[in-house]
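Here it is, the structure in full.
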């Protein structure tokens, strides 16, 4: 007998079809869909643009009542889900919300949702104490991972010395400029860079062709106009709206600059790619420093480590292999979901 899951999340990135399928669709929905013993029904947030928020939530509740799933799983984005409908769903089945960016969004977003779900998931270890201080015990710690059906090594010649794939942000641009001024040529790809966004297939090629893959998790300055705007505006579905919860927004603003762990190191390691990454609070819990992944603490340190590993091929490849094995053993989304199912008392 299969386990039935209703899944809700963004299907297209930021509700913009031209930007392709969203991160959560590629990694969460597709992982669930391809896991043996699971029947997954998608009710994507994107439908709100067609029928409106109220109708979307009515349809979601009707779907739960019709299908009687073992689990409702939501990858949270903005305010797509109506708390009143979520309470009704919570009384009909187990429900789980996965939160991204709790290192800052906890304060003006995540902390309002736990009463409406059976469990909430955070990827930021320090947020567990924040939830509990608010009186919420239904929080489960987890972490980003790799969809090993999507991210796999390619046997290609390593003809790129250094690469970075990710959206252009000013602090990242400054790091690249500093590296190039030191004589280190970095090939950059992604939204906002001159090369532009690349396909999933091309990205996997770049991972495997690169001797060194950079993970730049540097945060924007709090003085950036876009960051300051977060004090007064909040995203609501596909639009920005004025938001006057100033104390909550100030807390979020003050935490915004925290370097955080995100999915890219896991994806790179799942492609047996060598990674030099910025540090974050939780990344060393996932990969052993110097054995499975290399971390830098300053620009000078980054430059020195790039130069060292460009000239030590065997050591570099051994570290990449160790990270790959660790990823398949501990850090795939299939493993994350199996762990989640066990914690909440269900199994395929």
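If r is the Cβ-Cβ distance from residue 318 to residue 84 and R0 is 56 Å, what FRET efficiency results, to the nearest 0.05?
Using R0 = 56 Å, I get an efficiency of 0.55.
I've got another one for you. When only Cα pairs under 8 Å and 6 or more residues apart are kept, what is the percent relative contact order across segment 111-197? Intermediate values should be presented prior to the final figure.
On the way: 79 pairs, mean separation 18.7, N = 87.
Dividing the mean separation by the residue count of segment 111-197 yields 22 percent.
What Rg and what Dmax come out for segment 49-154 when only alpha-carbon atoms are used, in angstroms?
15.2, 48
Fully extended, how many nm does the chain gain between residue 299 and residue 279 (0.36 nm per residue separation, minus their Cα-Cα distance)? If you can, show how the numbers build up before the last one.
Working: separation 20, 0.36 × 20 = 7.20 nm, distance 1.22 nm.
The span from residue 299 to residue 279 would gain 6.0 nm if fully extended.
Pulled fully out, how much extra length does the chain show between residue 329 and residue 59, if you take 0.36 nm times their separation in residues and subtract their Cα-Cα distance? Working shown, then result.
Working: separation 270, 0.36 × 270 = 97.20 nm, distance 3.87 nm.
Once the chain is fully extended between residue 329 and residue 59, it gains 93.3 nm.
Pull out a ≥ b ≥ c, the square roots of the eigenvalues of the alpha-carbon gyration tensor of segment 216-345, then state rounded if a/c is under 1.5, prolate if not and a/b is larger than b/c, and oblate in the remaining case. Before the final figure, lay out the partial values.
Working: a/c = 3.06, a/b = 1.49, b/c = 2.05.
Oblate is the answer for segment 216-345, as a/c is 1.5 or above yet b/c matches or exceeds a/b.
Hey, rough spin-label estimate for residue 39 and residue 202, points 7 angstrom out along Cα→Cβ, what's it come to in nanometres?
With each label placed 7 Å out from Cα toward Cβ, I get 4.1 nm.
Here is a follow-up. I'd like the distance separating the alpha-carbon centroids of segment 46-122 and segment 199-275, in whole Å.
When both Cα centres are located, 23 Å separates them.
Arranged from highest to lowest average of other beta-carbon atoms within 10 Å per residue, in what order do the peptides 232-239, 143-150 appear?
Details: 232-239: 15.1, 143-150: 21.1.
Per-residue Cβ counts within 10 Å, averaged per peptide and sorted highest first, yield 143-150, 232-239.
Can you pull the Kirkwood radius for segment 1-99, inverse mean 1/r over Cα pairs, to one decimal in Å?
Details: mean 1/r = 0.0732 Å⁻¹.
Computed over segment 1-99, the radius equals 13.7 Å.
For segment 249-348, calculate the relative contact order in percent as a whole number, restricting contacts to Cα pairs under 8 Å that are 6 or more residues apart.
Relative contact order comes out at 29 percent.
Where in segment 311-348 does the amide nitrogen come within less than 12 Å of the point 7 Å from the Cα of residue 158, taken along Cα to Cβ?
Output list for this probe position: 311-322.
Which value does Rg/Rh take for segment 118-169 over its C-alpha atoms, Rh per Kirkwood?
Taking Rg over the Kirkwood Rh, I get 1.23.
Given the peptides 243-252, 112-121, arrange them by the average over their residues of other C-beta atoms within 10 Å, most packed first.
Output ranking for 243-252, 112-121: 112-121, 243-252.
Next question, about the same structure. Sum -39500 (n - 2.57) across every DSSP H segment of at least 4 residues in the chain, then divide by the residue count to get the 222 nm mean residue ellipticity, nearest 500.
Taken over the chain, the calculation gives -10500 deg cm²/dmol.
Output the Kirkwood hydrodynamic radius of segment 48-91, Cα pairs only, in Å rounded to one decimal.
For segment 48-91, the Kirkwood estimate is 11.0 Å.
Using Cα atoms only, what is the angle between the long axis of helix 299-310 and the major principal axis of the chain, expressed in degrees (0 to 90) to the nearest 10?
With rounding to tens, the tilt is 70 degrees.
Just order 255-263, 80-88 by mean Cβ neighbour count inside 10 Å, highest at the front, would you?
The densest-packed peptide leads the list: 255-263, 80-88.
Test of understanding: what is the full-extension gain from residue 243 to residue 132, defined as 0.36 nm times their sequence separation minus their Cα-Cα distance?
37.4 nm
Can you compute the modelled spin-label distance between residue 347 and residue 18, with each label point 7 Å from Cα toward Cβ, in nm?
It is 4.9 nm.
Could I ask something else about it? Quote the relative contact order of the chain in percent (integer), defining contacts as alpha-carbon pairs under 8 Å separated by 6+ residues.
Over the chain, the number comes to 16 percent.
Read-outs throughout are calculated quantities, based only on the coordinates presented, and are distinct from any laboratory measurement. Everything numeric here is computed off the predicted structure, so don't read it as measured data. Cβ atoms come from the backbone with ideal geometry, glycine included; neighbour counts cover every protein chain shown.
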